[in-house]
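Only one structure is covered here, and it is reproduced in the block below.
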Amino acid sequence: MDERQFRNALAEYATGVTIVTARSKSGEKIGMTMTSFNTVSLDPPLVLFSVGVKALSLDALREADAYVVNILARTQENLSNQFARASSDKWAGVHHTEGHKGAPRLTNAIAQFECEPYACHEGGDHLIFLGRVVNFRTSDTAAEPLLFFRGRYHSVAGPRIDVDAWPLPLHY
């Protein structure tokens with residue numbers, strides 16, 4: 001299978017953008033931009049994300065007592081880029097508060113899911129993290145989400161479709 005063509009095909013699926021944050025056992029803040037986030041279960045409340053096995057923060061994230069999945073707003077593209085890089089200054093100028101068990105919650109995220117580790121599974125060249133949601137928040141603003149599609153950031157904003165004006169009947 002051609003890896004580049006496979007990646008291009010996967011890029012046809014638009015996703016939201018998150019930053020997963022945590023604290024290492026030594027107290028260091030961890031943060032990684034990722035688009036591999038999904039719901040798993042309502043009872044118990046479970047979510048998942050996956051991390052490449054070559055990620056520098058992988059071991060620290062595996063050992064963390066808690067983490068926060070921060071859903072980014074369209075206005076947070078720069079923050080997404082900042083946490084997507086492997087650097088030691090990811091947290092420079094980043095406003096945050098402490099969440100469950102000290103995991104950082106990013107200010108102005110449109111939603112946050114504070115989690116405790118539930119399970120971790122191997123998945124090829126990634127590890128799949130399942131987190132049990134212990135707390136969540138949503139923004140009071142009508143912020144637009146940051147989307148990633150075909151290797152670029154996108155917006156959901158566009159012309160509003162007036163369903164009543166459609167020439168074809170809709171069936172539900």
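Assorted remarks:
- Taking the accessible area of the chain, probe 1.4 Å, and keeping the other protein chains in place, the carbon and sulfur fraction comes to 52%.
- Residue 2-residue 85 pseudo-label distance in nm [points 7 Å out on the Cα-to-Cβ vector]: 3.3 nm
- Note on the chain: GNM, Cα springs under 10 Å; of 69, 40, 51, the largest mean-square fluctuation is that of 40.
- The packing ranking, built from the mean of other Cβ atoms within 10 Å per residue, places the peptides 12-20, 90-98 in the order 12-20, 90-98, highest first.
- With a Förster radius of 35 Å applied to the beta-carbon distance between residue 156 and residue 26, the computed FRET efficiency rounds to 0.35.
- Computed helical MRE - 222 nm, the chain, DSSP H runs ≥ 4 contributing -39500 (n - 2.57), nearest 500: -3500 deg cm²/dmol
- Put simply, the amide H of residue 55, placed in the peptide plane, has no neighbours under 5 Å, leaving out anything fewer than 5 places away on its chain.
- Rounded FRET efficiency, nearest 0.05, which uses the C-beta distance separating residue 55 from residue 11 and R0 of 22 Å: 0.65
- If you run the Gaussian network model on the chain, springs between alpha carbon atoms under 10 Å, then out of 143, 86, 157 the most flexible one is 157.
- Once the C-beta distance of residue 42 and residue 122 is scaled by a Förster radius of 35 Å, the resulting FRET efficiency is 0.85 to the nearest 0.05.
- Accessible area in square angstrom per residue, the stretch 37-83, 1.4 angstrom probe: 51 Å²
The values are calculated or read from the model by the stated rules, or taken from the named source; none is laboratory data. Please read these numbers as outputs of a predicted model, since none were measured by experiment. Cβ coordinates were reconstructed from backbone atoms using ideal geometry, including for glycine residues, and neighbour counts include every protein chain displayed. We work out accessible area using only protein heavy atoms, side chains counted, and drop any ligands, DNA or RNA first. Shrake-Rupley method; radii C 1.70, N 1.55, O 1.52, S 1.80 Å.
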